[in-house]
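Here's the structure we're looking at; comments come further down.
Derivation of every value follows stated rules applied to the coordinates shown; laboratory data play no part. Since the structure is predicted, the reported quantities are computational estimates derived from the model, not experimental observations. Cβ coordinates were reconstructed from backbone atoms using ideal geometry, including for glycine residues, and neighbour counts include every protein chain displayed.
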Amino acid sequence: MYDIIIGLEVHVQLQTQTKIFCGCNTAFHPDQPNVQTCPVCLGLPGSLPVLNKKAYELGVKTALALDCQIATFTKWDRKQYFYPDLPKGYQISQYDLPFSVDGGIDLILNADTGATRRIGIIRAHLEEDAGKNLHDESGRGRASGVDLNRAGTPLVEIVTQPDLRSAEEARAFLEEMHALLTYLEVSDCNMQEGSLRCDANVNLHVHQPDGPKIATPIVEIKNLNSFRFTEQAVLFEVDRQWREYQRTRQTIKDAPKSTRGFDPERGVTYPMREKEEAADYRYFPDPDLVPVTITEAELNAIRATMGETPAAMRQRYQRDYQLSAYDTAVIIAQGKPFATYFEEVAKGCGDGKQAANWMTQDVLRELKERQQTIAAFAIRPEVLSAMVSRVLKKQLTIKSAREVFVELLQSEATPSIVRIDDVVAAKGLAIVQDDGAIDAAIAAVIARNEKAVADYRAGKQAAIGALIGQVMRELKGADAQAVREKLTAALSGE
């Protein structure tokens, strides 16, 4: 019926201590408006901008991770428009000579199989952020205000090719960008504070019975600041455009590009204005800033600081730790500290799959219930790896290990390797190695469960489950597989 065509413009606040062209602090202070300003970011006469070298280096690091070509020569441009939160009357950005172009990123389409598709990156360029308009939403008619704390904050804008084909893919792309940028430590990507936000360009290519596809007018949905809102906004806009096309048959040739906002409470997009073209902004080179050049040696120095990307980590986890694509995706999605913790556990116990099972099930469940980060988790990697090692060495059953795990978290004592052994001894959880004790427990269970024994011997295989459970309760540390084998033999008269 139609193809969904989506391109994203992702705005990322770079993790610098000061703004891109002045020395004002970039810390987030929503309750203290206009305290992080100076003549430069206020646009006062006579003030001159000076480039923050750290912001440029972080921008280059981002572009390298996106496989972009880095320009050895780049310049700054003034993008001119009037808005209350833009005190200079223009934004310092980049127009025809951005510092990077022509990149791409492999987007995971299926976490179970690891299937990917390349999403092209048109450009990544640097610019300064605007301030923030503050409106009275109480309905009491109070005046609006402007907070210029954000004005001049360094941003890298990442512009994709229109390669995304669904709202789910748009969300997945943003999640991938969040992982990449936080692993690189170029941004904290805190969407609630505006460190990561995007504009979504959406239209439809409608299939015709005879002839080429027809494109509907492009709509840019502005300032989406959460994964969920992005997905919801695109879903609504696709449905709205399809209904509008059926009503008007309007195509991209009939109407200019327009912008819409998104109301998350109602789940709808709403009209804002027709989209400006480049000529409307009257771009021209900023006369107060010199162009920036970079050498291959300087690029190599930045490459040396990059570390491993999430995509490279996924490949290594599946190769070195024999993890599934799904387990790998879950671990990496939790962030770099969680992935580092996992690696320490895997190396400590020597079994990546068992380490992943504990991390993605028990540890992740406890973190969510306690609303904690892995950095605050009481059980440190060396303790968890020691406990998993005891399971692998058949000193503890998985069931008993989980009982120890819960006890370590509930105990007032600091979790330690010694504490594991104390809990095991106190609760009698060590695996029973005495075949005589197991045989005796099995004989006692068989003697007092004549009906279950008769049912099993009559062909009701499920009856053995209750018998195994009783043996396990008598011998807390017994190995369930060993008990099943011995019990089966006893019931068969072997």
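Selection among Leu148, Gly459, Thr18 by position relative to the dipole of the chain gives Gly459 as farthest towards the positive end (Cβ unit charges, Cα centre). Taken along the Cα-to-beta-carbon direction at a fixed 7 Å, the label points for Asn133 and Met1 span 3.6 nm.
Sorted fewest first by neighbouring Cβ atoms within 10 angstrom, Ile379, Ile252 come out as Ile252, Ile379. Note on Lys53 and Ser492: the extension gain reaches 150.2 nm, defined as 0.36 nm multiplied by sequence separation minus the Cα-Cα distance. Counting only Cβ charges, +1 for Lys and Arg and -1 for Asp and Glu, the dipole size of the stretch 310-427 around its Cα centre is about 320 debye.
Among Leu86, Leu97, Leu107, which residue has its Cα furthest toward the positive end of the charge dipole of the stretch 47-127, with +1 on Lys/Arg Cβ and -1 on Asp/Glu Cβ? It is Leu86.
Rounded to the nearest 20 debye, the dipole magnitude of the stretch 58-195 is 460 debye, with +1 charges on Lys and Arg beta carbons, -1 on Asp and Glu beta carbons, and the Cα centre as origin. Looking at (i) 168; (ii) 245; (iii) 214, which value of volume of the Cα convex hull per residue in Å³ comes from a calculation on the structure shown? Of the listed options (i) 168; (ii) 245; (iii) 214, (ii) comes from this structure. When peptides 6-16, 99-109 are ranked by their average number of other Cβ atoms within 10 Å per residue, the highest-first order is 6-16, 99-109. Its Cα gyration tensor gives the stretch 132-208 an equivalent ellipsoid; the semi-axes, largest first and in whole Å, are 30, 22, 11. The modelled label-to-label distance for the pair Thr293/Asp239, using points 7 Å beyond Cα in the direction of Cβ, is 5.6 nm. Note on Glu308, Glu157, Glu244: ascending count of other Cβ atoms within 10 Å places them as Glu308, Glu244, Glu157, the fewest first. Gain on full extension, evaluated as 0.36 nm per residue between Arg282 and Glu193 minus their Cα-Cα distance, stands at 29.0 nm. If the chain linking Met306 and Thr373 were pulled fully straight, counting 0.36 nm for each residue of separation and taking away their Cα-Cα distance, it would gain 21.7 nm.
Given Cβ point charges of +1 (Lys, Arg) and -1 (Asp, Glu) and nothing else, what value in debye, to the nearest 20, does the dipole of the chain about its Cα centre take? So the dipole magnitude of the chain works out to roughly 640 debye. Taking all Cα-Cα distances within the stretch 239-369, those exceeding 18 Å account for 73%.
Cα-based values for the stretch 253-297, radius of gyration first and Dmax second, are 18.9, 52 Å. Taken over the stretch 310-427, the percentage of Cα pairs per 5 Å bin, counting from 0 up to the bin with the maximum distance, is 2, 12, 24, 24, 19, 12, 5, 2, 0. Of Asp147, Asp263, Asp112, the sequence from fewest to most neighbouring Cβ atoms within 10 angstrom is Asp112, Asp263, Asp147.
Projecting label points 7 angstrom from Cα along Cα→Cβ for Glu450 and Ser258 puts them 8.5 nm apart. Relative protection proxy for 416-424, 122-130, from highest mean packing down: 122-130, 416-424 (other beta-carbon atoms within 10 angstrom).
Determine the alpha carbon to alpha carbon distance for each of Lys53/Lys75; Lys347/Lys393; Lys75/Lys336 and list only those over 23 Å. Beyond 23 Å: Lys75/Lys336.
Listed by chain and number, the aspartates and glutamates placed with their C-alpha closer than 20 angstrom to that of Lys213 are Asp3, Asp163, Glu237, Asp239, Glu244, Asp254; residues fewer than eight positions away on the same chain are left out.
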